[in-house]
1. Out of (1) touching a residue at least 24 places away in the same chain (Cβ under 8 Å); (2) touching a helix residue (DSSP H, G or I) at 6+ places or on another chain (Cβ under 6 Å), what's the single condition that is false for residue 112?
2. Taking residue 66 and the conditions (1) over 12 Å from the mean Cα position of the chain (by Cα); (2) over 23 Å from residue 181 (Cβ atoms), which numbered condition does it fall short on, given that it satisfies the others?
3. List every residue pair whose Cβ atoms lie under 8 Å apart, where the two residues are 6 or more positions apart in sequence or sit on different chains, the first residue falls within region 181-206 and is on the phi < 0 side of the Ramachandran plot and loosely packed, with under 15 Cβ neighbours inside 10 Å, and the second residue, located anywhere, is assigned to a loop (DSSP other than H, G, I, E, B) and modelled with pLDDT of 90 or more.
4. Just one of 166, 102, 157 is in contact with a helix residue (DSSP H, G or I) (Cβ under 9 Å, 6 or more places away or on another chain), surrounded by 21 or more Cβ atoms within 10 Å (Cβ to Cβ) and either more than 21 Å from residue 184 (Cβ to Cβ) or modelled with pLDDT of 90 or more (or both); which is it?
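The values are calculated or read from the model by the stated rules, or taken from the named source; none is laboratory data. None of these values were measured; they are calculated from a predicted model. Cβ atoms come from the backbone with ideal geometry, glycine included; neighbour counts cover every protein chain shown.
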């Protein structure tokens, strides 16, 4: 039985509270669970805080897109991908706690902005929504590749988490393309890259 619009909004609000409060739990064990801690893992804290904020944005984006998805196949694909992104969120938060660090203070702001973008792309139609998803995941995959280069070599735990996230994001992007993603205009891609740079630079410190 399909949810009413009010039910969907209440579910979206619950997802927001879970994501921002840290109550969201993972369905898969963390890739770091069996690995030893490095000598000075605190050097990774800023990068993992950025990754946590990125996963906050992913939760919000998928939630907003699913709210207005027209095709049930697209909606279910978004929910499935969001489940894996929820794993990422939980893993990053767990890693921050291990690093004696914290999430970004600006996460609520980024959640609201990403949820709004998700709704806009969802309202534009499923093919544009999938195009937005595919481009987002392509940019995130490149971002995570950069983090694998920047993380300390002896921080096997953080590196394992980021590597699994990268692999999952690649699959999510391929999923969006398989569902008829439209190529986004270059100005939209450029605006997304700019927003990403602002997010990563502020989340690293704040």
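1. Going through (1) touching a residue at least 24 places away in the same chain (Cβ under 8 Å); (2) touching a helix residue (DSSP H, G or I) at 6+ places or on another chain (Cβ under 6 Å) one by one, residue 112 breaks only (2).
2. Failing condition for residue 66: (2).
3. That search, which allows pairs on different chains as well, returns 206/104; 206/105; 206/106.
4. 157
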